[in-house]
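Heads up, the thing below is written out as structure tokens.
Just so you know, all these numbers are worked out from the coordinates, no wet-lab data involved. On a predicted model such as this, the values are computed, not experimentally measured, just so you know. Backbone-built Cβ (ideal geometry, glycine too); neighbour counts: all protein chains shown.
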Amino acid sequence: MSHTYKRLGASLAISAMVLNFAVLPAAGNNIATVDASTIGTVNSGFLNIRKTKSMKAKRIAVLDRGDKVEVLSTGKKWVKVSVKGKTGYTQGRYLSTESGTASDPYANAEKGTVKSGSLVIRTGKGKNASWLATVKKGTKVTVLTTGKKWVKVKVNGKIGYTKGNKIELEGGGTAANPYTKGEEVVNFALQFVGNPYRWGGTSLTRGADCSGYIMSVYRHFGKSLPHSSSAMRSCGTRVSSLSAAKPGDIICYNGHVALYMGNNKVVHASNPSDGIKITNNAAYRSIVTIRRIFN
């Protein structure tokens, strides 16, 4: 899975989740019961709220895109909602939530593993929030949201908050920083799309040639690469094929280099006419070798 495009290429309307916790005595790794109601955001042009679970039922409200409702129950089709003090039903796929939709609340969730000796799960963000449980190293968790510090997780069917840097994601990175190192490189490199090409240049803003662009991007991450497209063919480790390439790999062509973005795309300092740009076919010319700098 490519976190770069999962996160950059698609964006749902997201709103905060309001949690009301009923904390019961917990022992070992058992998390206390959590009663959660969710805020949903309308993701269609308009949305009918009906009195019962039927398209023929009376409409009690019509919402516009971006309007928010309280989701009282989830389901594959019909979900129960509260709108301006009225309770009704609508189709859940048209309501975006923090981790998916009202029909599939965890559609965007990722799997993770606790990497510290023990990890405290709390009712909210912050050390002052009530303790729910302590889970051991190696415990599998579902990561509902990512963030620089506190993230929302689901463990044993219950929901709480914990520190994201203590959870490793299956696709690479941590819940605090869900990008792999290669994806971080790509995210940084994409900032300079549209800037000029300059023969012999190494400036990401004033102009760079193909190898100067790659060299300067990787220098930002503490890696020293040669200012030569042919010399870059020996950098890092060899990747067997384009199908095995990952974001951040260097694609070496005859007399040219580019940075692989994933999804068969590259970003590169192309030529004086186009400058730094994205090309949608990584094999737009014959590939000599592919090199991985961060393993």
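Normalised by the number of residues in the stretch 148-214, the mean separation of alpha-carbon contacts (under 8 Å, six or more apart) gives a relative contact order of 17 percent. Given R0 = 51 Å, the distance between the Cβ atoms of ARG59 and ALA129 translates into a calculated FRET efficiency of 0.80.
With the helix formula -39500 (n - 2.57) applied to DSSP H stretches of n ≥ 4, the chain reaches a computed 222 nm mean residue ellipticity of -2500 deg cm²/dmol.
Under the convention that each Lys and Arg Cβ holds +1 and each Asp and Glu Cβ holds -1, the size of the dipole of the stretch 136-233 around its Cα centre is about 600 debye. For the pair the stretch 147-208 and the stretch 51-105, the centres of their Cα atoms are 33 angstrom apart. Provide the FRET efficiency to the nearest 0.05 for the ASP104-THR52 pair, computing r from the beta carbons and using R0 = 25 Å. In this case the efficiency is close to 0.65. For the pair the stretch 229-295 / the stretch 106-136, the C-alpha centres are spaced 39 Å from each other. Rounded to 0.05, the FRET efficiency of the SER228 and LEU190 pair, given R0 = 30 Å and the Cβ-Cβ distance, is 0.80. Charged side chains reduced to their Cβ positions (Lys and Arg at +1, Asp and Glu at -1) give the chain a dipole of some 840 debye around its Cα centre.
Simple spin-label estimate for ARG285 and LYS77 gives 5.6 nm between the two label positions (7 Å along the Cα-to-Cβ direction from each Cα). Between SER116 and LYS137, what is the label-point separation in nm under the 7 Å Cα-to-beta-carbon projection? Calculated label separation equals 1.3 nm.
Placing one equal scatterer on every Cα of the stretch 162-229 and applying the Debye formula, the log10 ratio I(q)/I(0) at q = 0.15, 0.21 Å⁻¹ is -0.56, -0.82. Ratio of Rg to Rh for the chain: 1.09 [Cα atoms; Kirkwood radius as inverse mean 1/r over pairs].
Of the trypsin sites (Lys or Arg not before Pro) found in the stretch 179-278, the ones in coil according to DSSP and having at most 10 other Cβ atoms within 10 Å of their Cβ are ARG206. Compared with the direct C-alpha span, the chain from ASN165 to LYS84 gains 25.3 nm at full extension, assuming 0.36 nm per residue. Over the chain, what relative contact order in percent results from Cα pairs under 8 Å that are six or more residues apart? 11 percent. Could you pull out the pairs from LYS127/LYS166; LYS77/LYS152; LYS53/LYS158; LYS80/LYS125 whose alpha carbons sit more than 20 Å apart here? Distance filter (> 20 Å) returns LYS77/LYS152; LYS53/LYS158; LYS80/LYS125.
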